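K.L.:
There's a structure below that I have some questions on.
Read the figures in this text as sums done on the coordinates, not as results from a lab. As the structure is a prediction and not an experimental result, all values here were calculated from the model. All Cβ positions, even for glycine, are placed from backbone atoms using ideal geometry, and neighbour counts span all protein chains on display.
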Amino acid sequence: MKRILTLGMSKIHIKDVWLFVAQVLLLSLVMLSPGLISYITSNDAAVVWGSLQIAAFWLAPAVLVYLLNFYVCVPLLWFRRRYWWFGLANVLLITACNFHLLFTNIDSMPDDYRAGYSSFQMIAVLVNLMAIGIALSIRYVMRQNEKKQKVVEAELAWLKNQINPHFLFNTLNNISSLAQIDGDETQEAIMQLSDLLRYAMYETNKKTVPIGGEVEFMRNYIELMKLRCNEQTKVSSQFSILNSQLEVAPLLFISLIENAFKHGMDSNAPATIDISLTEKDGTLVFVCDNTNNPKPTKDRSGSGIGLENTRRRMNLIYQDRYQWEQTITPENIYHVKITLQP
């Protein structure tokens, strides 16, 4: 029993608690507003108290109907397509909450008051129906936003998962080639690959990670990718991070580094790969320059998919907080620059 209660409580998120508190405060303000208006206009305690009593008499049922619909009827009946049960539940709910209004004995009322009481009853029912409509509308908007958020999260997870096999396969190919030349260096490369896999599998399951871990990952990855470089390829990297705890999306720049090695090297000509990442005052600037050596048309391996995935992730996570530059310079250098404000 204790475990069930614990599991039930774990489903209650902080944002749900704040939402409930905000609604209670807003509805309390609505309930108290007639009294506040009376206080401002008359400054008479008896008039204020009378206004509060009238507000409680007319508005309290509508507030109760709203809350029960928002937290019970709409999610449990309407969203499950149990429309008849939803209608029946609200008929019973309005009747129960407004019993004192709908079934009052009007025979004892003065004639002039009795004539208008039926209109008050109708207004009370309409107010309750409005409360149901408001609860349904707010819940619907919230549900649509949650669906969109889940779609975005699923797409981000898919894009990030596409990154992992790429660097793994490339690195394994490099180590395989190295194993035929230098056994000791192969062991060191395998240890570096182990660190890369450990980070990719266990440290990147969060929405954001400290930039310090990302820098270490990129350094190791660059060192492993250098294994496939020939003497004609010059590789340089520079990392200047003042705040290593700055949070960023994991594996954000790795596809760009991977593309630089894929498309920057040429076994028959000199090539350069220059990678830098700097941080100052919370702004990240990533620059990747490599000699532009496009692959033959029939060679489609890594044909821009990494760049597309990175751009898509940037749009989903940092929609209005990044700038992207992508050009080929007159010196035939493929240049990518990202300025990001996490």
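K.L.:
What FRET efficiency would be calculated for the residue pair residue 122, residue 247, taking the C-beta separation as r and a Förster radius of 56 Å, to the nearest 0.05?
P.N.:
On the way: r = 56 Å, r/R0 = 1.00.
Given R0 = 56 Å and the Cβ-Cβ separation, E is 0.50.
K.L.:
A follow-up question, please. For the stretch 224-232, take each phi angle, set θ = phi - 60°, evaluate the Karplus expression 6.51 cos²θ - 1.76 cosθ + 1.60, and give the result in whole Hz per residue in order, putting x for glycine and proline.
P.N.:
So the Karplus estimates, Gly and Pro as x, are 6, 5, 4, 4, 8, 7, 8, 5, 7 Hz.
K.L.:
Let me ask you something else. Grab the Cα-Cα distance for residue 278 and residue 194, subtract it from 0.36 nm times how many residues apart they are, and report the gain in nm with one decimal. Don't skip to the end; give the middle numbers.
P.N.:
Values: separation 84, 0.36 × 84 = 30.24 nm, distance 2.63 nm.
Extending this stretch completely gives an extra 27.6 nm.
K.L.:
Okay, next question. So for the pair residue 15, residue 240, with labels modelled 7 Å out along Cα→Cβ, what separation do we get in nm?
P.N.:
3.8 nm
K.L.:
May I pose another question? Evaluate E = 1/(1 + (r/R0)^6) for residue 335 and residue 145, where r is the Cβ-Cβ distance and R0 equals 41 Å; express this FRET efficiency to the nearest 0.05.
P.N.:
Here the calculated transfer efficiency is 0.60.
K.L.:
At 0.36 nm per residue, and after removing the present C-alpha to C-alpha distance, how many nm does the segment from residue 76 to residue 232 gain when stretched out fully?
P.N.:
So the chain would gain 49.5 nm between residue 76 and residue 232.
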